[in-house]
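Shown next, in structure tokens, is the structure this report addresses.
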Amino acid sequence: MYLEGLGNTLLIALIAAAIGITLGVIMAMVNYINKKTGKLKIPTKICNFYITVVRGTPVVLQLMILYFVVFAFWDNGIMIGAITFGLNSGAYVAEIARAGFESIDDGQMEAGRSLGLSTWQTMRTIIIPQAVRNSLPPLFNEFIMLVKETSIVGYVGIYDLGKIPGLIQSRTFDYLFPLLIAAVFYLVVVLILTKILHIIEKKFGKSDRNQGGVTNGK
Amino acid sequence: MENNVLIQVRDLSKSFGELEVLRSVSVDIKQGEKVVIVGASGSGKSTLLRCLNCLEDPTGGEVIFEGVDIADPKVDINIHRQKMGMVFQQFNLFNNKTVLENITVAPIIIRSKQLRRDKWRAFFKKGEKPTLNKEQIVAEEKEKAMKLLERIGLEEKADVYPSTLSGGQKQRIAIVRALAMNPKVMLFDEPTSALDPEMVGEVLDLMKQLANEGMTMVIVTHEMGFAREVADRVLFMDGGVIAEQGSPEEVFGSPKSERLKSFLAKVL
């Protein structure tokens, strides 16, 4: 039972993270290009509006609106949950990625452009890789938050890890133990994720001086 | 005479909001000429240099490079920028690329794109089949980059990241990165101002080598000794206009205006 719930939790979190990162990075890029070149004015306004609305309202309400209204015709609760959290996390990722883009010195773009590369070619090869690397720690944090936050899907009757203790309680009238087991499950998952994410971070950090500069001799 | 003018600047002006930085500047830069721009900070000298390859969009006037007005927003500036190398005060090496990749990234991207275009043209029988494939282009650019690195004695640094290099090494790599595009002109924006004093020499030496090879160079600098030695012509900028210009002997030896005299008194 716990394992099934765990599976659903991870599935929702993974799909949500994929949607969130895609959406967030696109919005941050639109914002960055707008800031540097003055183009894309209207898309930037739309993105900012979206971010404000999503960040300014509780995710429980967003979930209910999507589940009971927008996707009322659809009975795949897990997908609806994943989409909700993806759209929600997109707004937060956008802010994280925006900070990542802003941490890149203007000179990087100028150097690319001065060599004859286009804005997009420079973005792709120079700016985005660096921005992503700089935003990895807060992005991972967001992902771990996401894993735990998805327990909210219990509100609309989806069986994820956070919902299981309630089910067991209703049969055994034992309150403490099922909750503790669920908590341990979350903790273990988060610990494993933290470890994996650390490894990824190290791999990306190879052009950092304090990571050894790789092939710099001895 | 007219033919060997490489860059023709006509009535160039640039303002940032209310602030007028360049006021109707006109100057010709000839093929092979070494032009040094000096002036106090805020005089517009860096802005003039950055307008030459449109890193700053001019608010008025023309920059005619090889017969094309590149200040015109309709012109594809990227093609023309490939022939204008630029070196920055802060080096601006790509932090996420190794030294070798820094040099090869732009030529490889640009040549690969051209290759894809040529392949399509050949497919529709509109042009010749390209002779090189992608791997050959990459190999060729790598070889060229290694030669450039050997030239500046940094071939053993090919696979390290820029964060491990000294300022002088970074700037010399930035210079050969620009050279890898085979530019017609090199623009230097205070190339030694961010360097520790003991590293200025190695960068200036490389620039002198370039000058001797006949490269057209436009240099904004505070190194008056270097200007005297290398420049064919010195421009003194003040208040957004070229206040005085001439050979180094004229400008440094017998300055006419009071502004130039007081500027030289401060820097020499």
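The values are calculated or read from the model by the stated rules, or taken from the named source; none is laboratory data. Computed from a prediction, not measured in an experiment: that's the story for all the values here. Cβ atoms come from the backbone with ideal geometry, glycine included; neighbour counts cover every protein chain shown. These area figures cover heavy atoms from the full protein model, side chains too; ligands, DNA and RNA do not enter into them. Shrake-Rupley method; radii C 1.70, N 1.55, O 1.52, S 1.80 Å.
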Quiz item: For the range B:179-268, taking Cα atoms only, what is the radius of gyration to one decimal and the Dmax to the nearest whole Å?
Solution: 13.9, 42
Self-check item: Dipole magnitude of chain A, debye to nearest 20 (Cβ charges: Lys/Arg +1, Asp/Glu -1, about Cα centre)
Solution: 720
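In terms of solvent-accessible area of protein heavy atoms at a 1.4 angstrom probe, what is the ranking of A:His198, B:His222, B:His80, highest value first?
Per-residue accessible area, sorted high to low, gives A:His198, B:His222, B:His80.
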Quiz prompt | Separation between Cα centres of the range A:141-199 and the range B:124-143, rounded to whole Å | solution = 55
Quiz prompt | Selected from A:Val70, A:Thr37, A:Val60, residue furthest toward positive end of dipole (the range A:1-110; charges at beta carbon) | solution = A:Thr37
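Suppose every Lys and Arg Cβ carries +1 and every Asp and Glu Cβ carries -1, with no other charges. What dipole size does the protein assembly as shown come out with about its Cα centre, to the nearest 20 debye?
Here the size comes out at about 1160 debye.
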Quiz item: Stokes-Einstein D for chain B at 10 °C, 1.306 mPa s, Kirkwood Rh over Cα pairs, in µm²/s?
Solution: 80
Practice problem: Taking the Cα centre of the range B:43-183 as origin, sum charge times position over the Cβ atoms of Lys and Arg (+1) and Asp and Glu (-1), and report the length of that vector in debye to the nearest 20. | Solution: 420
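Of A:Tyr155, B:Tyr161, which has the most accessible area with a 1.4 Å probe, and how do the rest follow in descending order?
Output order, biggest surface exposure first: A:Tyr155, B:Tyr161.
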Quiz item: Other chains near B:156-163: what is the mean number of their Cβ atoms within 10 Å of each residue's Cβ?
Solution: 5
Practice problem: Give the whole-number value, in cubic angstrom per residue, of the convex hull volume spanned by the C-alpha atoms of the range B:69-163. | Solution: 147
Quiz item: What's the Kirkwood radius of the protein assembly as shown in Å, using all Cα pairs?
Solution: 26.3
Practice problem: Calculate, for A:Lys148 and A:Arg124, the FRET efficiency according to 1/(1 + (r/R0)^6) with r their C-beta to C-beta distance and R0 30 Å; round to the nearest 0.05. | Solution: 0.35
Quiz item: How many nm is it between the label spots at B:Glu143 and A:Met64, if each spot is 7 Å from the Cα in line with the beta carbon?
Solution: 7.0
Exercise. Take every residue in peptide B:92-104, count the Cβ atoms of other chains within 10 Å of its Cβ, and give the average of those counts.
Key: 5
Practice problem: Indicate the gyration tensor shape class of the range A:2-217 (rounded, prolate or oblate), computed on the Cα atoms with a ≥ b ≥ c the square roots of the eigenvalues: a/c under 1.5 is rounded; otherwise a/b larger than b/c is prolate and the rest oblate. | Solution: oblate
Quiz item: Given a cut-off of under 8 Å on Cα pairs at least six residues apart, what relative contact order in percent is computed for the range A:2-217?
Solution: 27
Exercise. Please tell me which of these pairs span more than 31 angstrom C-alpha to C-alpha: A:Lys39/B:Lys157; B:Lys45/B:Lys113; B:Lys83/B:Lys266; B:Lys14/B:Lys256?
Key: A:Lys39/B:Lys157; B:Lys45/B:Lys113; B:Lys83/B:Lys266
Quiz item: Can you give the angle from 0 to 90° between the axis of helix B:258-267 and the longest principal axis of chain B, with both taken from C-alpha atoms, to the nearest 10?
Solution: 60
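How would the range A:150-193 be classified by its alpha-carbon gyration tensor: rounded, prolate or oblate, with rounded meaning a/c under 1.5 and the a/b versus b/c comparison settling the rest? Can you show the working numbers first?
Numbers: a/c = 3.44, a/b = 1.26, b/c = 2.73.
Oblate is the answer for the range A:150-193, as a/c is 1.5 or above yet b/c matches or exceeds a/b.
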Exercise. Have a look at B:Val203, B:Val21, B:Gln136 and report the one farthest towards the positive end of the charge dipole of chain B, computed about the Cα centre with Cβ charges (Lys/Arg +1, Asp/Glu -1).
Key: B:Gln136
Quiz item: Along the charge dipole of the protein assembly as shown, Cβ charges K/R +1 and D/E -1, which of A:Tyr155, B:Gly39, B:Ala106 sits furthest on the positive end?
Solution: A:Tyr155
Practice problem: Express in % the proportion of alpha carbon pairs of the range B:1-77 at distances exceeding 19 Å. | Solution: 34
Self-check item: Candidate lysines - alpha carbon under 28 Å from A:Lys163, same-chain residues fewer than 8 apart omitted
Solution: A:Lys148, A:Lys195
Self-check item: Cα→Cβ-extended label distance, 7 Å offset, between B:His222 and A:Tyr175, nm
Solution: 7.3
Self-check item: Per-pair calculated FRET efficiency, R0 = 22 Å: B:Ala194 and B:Lys261 via Cβ, rounded to 0.05
Solution: 0.20
Quiz prompt | Shielding of A:125-132 by partner chains, average beta-carbon count, 10 Å | solution = 4
Quiz prompt | Residue-averaged 222 nm ellipticity for chain B, from DSSP H runs of 4+ at -39500 (n - 2.57), nearest 500 | solution = -12000 deg cm²/dmol
